[in-house]
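First the structure, in the form of structure tokens, and then the observations on it.
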Amino acid sequence: MPSLARYYDGTTARVQEVRVRPTASELVLFDPADASIVARWPIEEIDVLGDAAHESAPPVVRRGGEARLVVEDPEQRRQLAALVPRLAALAAVPAPAGRRIAMLGSTLAVLVGVFWLAIDYGTEYVAPWLPYSLQAKLGESVFEELVADKDECHGEAGLAAINDLANRLAKAAGYEHEVTVHIIEGGPVNAFTLPGGILVFYSDLIEQAKNSSQVAGVLAHEIGHVVHHHPIKGMARAYGLEMLAKLVSGGYSDILNTLSSGGNILLALRNGRAFERDADATGVSLLEKLDLRADGISSFFEQMIEKEPKDAAAIAGIWSSHPPTQERIAATKRPPTGKPAFSAAEWKALREVCK
Ligand SMILES: [Zn+2]
């Protein structure tokens, strides 16, 4: 099966799904829907951009052009690398997120410089390098927008319990910033992550969870999105690099206007299957790293598969790759061993966080 990839044409913000078929002399990119040819790249003109150690999916480029090709799936990258020696760098193992973040300079001038360099590298590169303060500001504004007509829950002990676990998980992944979990009263049964390490849980998810491991599992999955910078990458993909460029150059209010008038923010934050798989795998491994029960992700999906919300507001978050496939359940399956993620008192407080 030819690899599935995202194709950025280099002139517009449009992202196109393509399949990639390597031949002896060229990479043929074609539309999976009707098999029409999108581009033919001679093998001797292609390169893997940048250092593959910096990002899990380094873009492939054709020299002299602006177009980019990003193969999300690590297995498909390895296959392409095996078939095409010039793409050998695609098989390299990415560095931990912490090291990438540590590469950031501290002055704004450096950040802006890195940013423009990063734009050239495509959205996969730009997102983690966007100054964190701006990501956080963006996330907070989106949060305000989303919860404007909803009630937030303020039970202190419950919020402390879930925020403490969220930050322990994030820290275990080498994430250097504070993570904040908000709980919104009611439904749908959902949770999602915004830029700047802001997590939103609906209380219906906590209420319908059969045990604390399931909530911990969803939380760990969302922390997976945080440490992989999925929310800001999703927004970069949805709104284009131009808007993120404005963000850095100070045109911040324009962006919020576009976001709130441009319809559904949650749609922009939908995670593709590759992001979901990464978040699942990271979530499980973080729980295991802390010696906590890691069976909650798969058992949550198993229990909830029939209750998947159908309304428009609910197609983001934990349900992005809906329905949660048997494949995801199988991949995250773990025995119910290890310490409970929440003590009995913490779990009780969390269940009562909206009271
Ligand atoms: Zn997710």
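May I ask you to evaluate 6.51 cos²θ - 1.76 cosθ + 1.60, the Karplus curve with θ = phi - 60°, for each residue of region 210-215 and list the ³J(HN,Hα) values in order in whole Hz, giving x for glycine and proline?
Per residue, the Karplus-derived 3J(HN,Hα) values read 7, 7, 5, 5, 5, 5 Hz.
In nm, what is the difference between 0.36 nm times the number of residues separating residue 207 and residue 25 and their Cα-Cα distance? Intermediate results must be reported in sequence, preceding the final value.
Values: separation 182, 0.36 × 182 = 65.52 nm, distance 5.73 nm.
Extra length from residue 207 to residue 25 when fully extended: 59.8 nm.
From the phi angles alone, apply the Karplus equation (6.51, -1.76, 1.60; θ = phi - 60°) to region 139-156 and give each ³J(HN,Hα) in whole Hz, x where the residue is Gly or Pro.
x, 5, 5, 5, 4, 4, 4, 6, 9, 3, 10, 10, 9, 8, 8, 10, x, 4
Assuming R0 = 25 Å, what is the FRET efficiency of residue 9 and residue 34, from their Cβ-Cβ distance, to the nearest 0.05?
Numbers: r = 17 Å, r/R0 = 0.70.
With a Förster radius of 25 Å, E is 0.90.
Can you sort 221, 154, 228 from fewest to most other Cβ atoms within 10 Å of each residue's own Cβ?
Numbers: 221 30, 154 13, 228 21.
Listing 221, 154, 228 from fewest to most nearby Cβ atoms yields 154, 228, 221.
Between their Cα atoms, which of 150/289; 289/348; 137/171; 150/171; 233/355; 137/333 are more than 32 Å away from each other? Walk me through the numbers before you get to the answer.
Values: 150/289 35 Å; 289/348 25 Å; 137/171 21 Å; 150/171 30 Å; 233/355 36 Å; 137/333 36 Å.
Result: 150/289; 233/355; 137/333 exceed 32 Å.
Pop the C-beta distance of residue 43 and residue 281 into the FRET formula with R0 = 45 Å and round what comes out to the nearest 0.05.
Numbers: r = 32 Å, r/R0 = 0.71.
After rounding to 0.05, the efficiency reads 0.90.
Under a crude label model (7 Å from the Cα following the beta-carbon direction), how far is residue 91 from residue 152 in nanometres?
For the pair residue 91/residue 152, the computed spacing is 4.9 nm.
For each of 293, 86, 40, count neighbouring Cβ atoms within 10 Å of the residue's Cβ, then give the residues from fewest to most.
On the way: 293 23, 86 16, 40 13.
So the ranking, lowest neighbour count to highest, is 40, 86, 293.
Counting other C-beta atoms within 10 Å, which of 152, 44 has the fewest, and how do the rest follow?
Working: 152 15, 44 9.
Placing the least packed residue first, the sequence is 44, 152.
Take residue 160 and residue 345, extend 7 Å from each Cα along the Cα→Cβ direction, and tell me the distance between the two endpoints in nm.
Those two pseudo-labels are separated by 0.9 nm.
With the crude spin-label approximation of a point 7 Å out along Cα→Cβ, what separation in nm comes out for residue 288 versus residue 302?
1.8
Quick query: amide H of residue 293 versus all other amide H atoms, modeled in the peptide plane; which residues come in under 5 Å with a sequence gap of 5 or more or a different chain?
Close amide H contacts, sequence-distant or interchain: 339, 341.
Every number here is computed from the coordinates shown, using simple stated rules; none is lab data. These numbers come from a predicted model, not from an experiment. For neighbour counting, all protein chains shown are included, and Cβ atoms are generated from backbone atoms with ideal geometry for every residue, glycine included.
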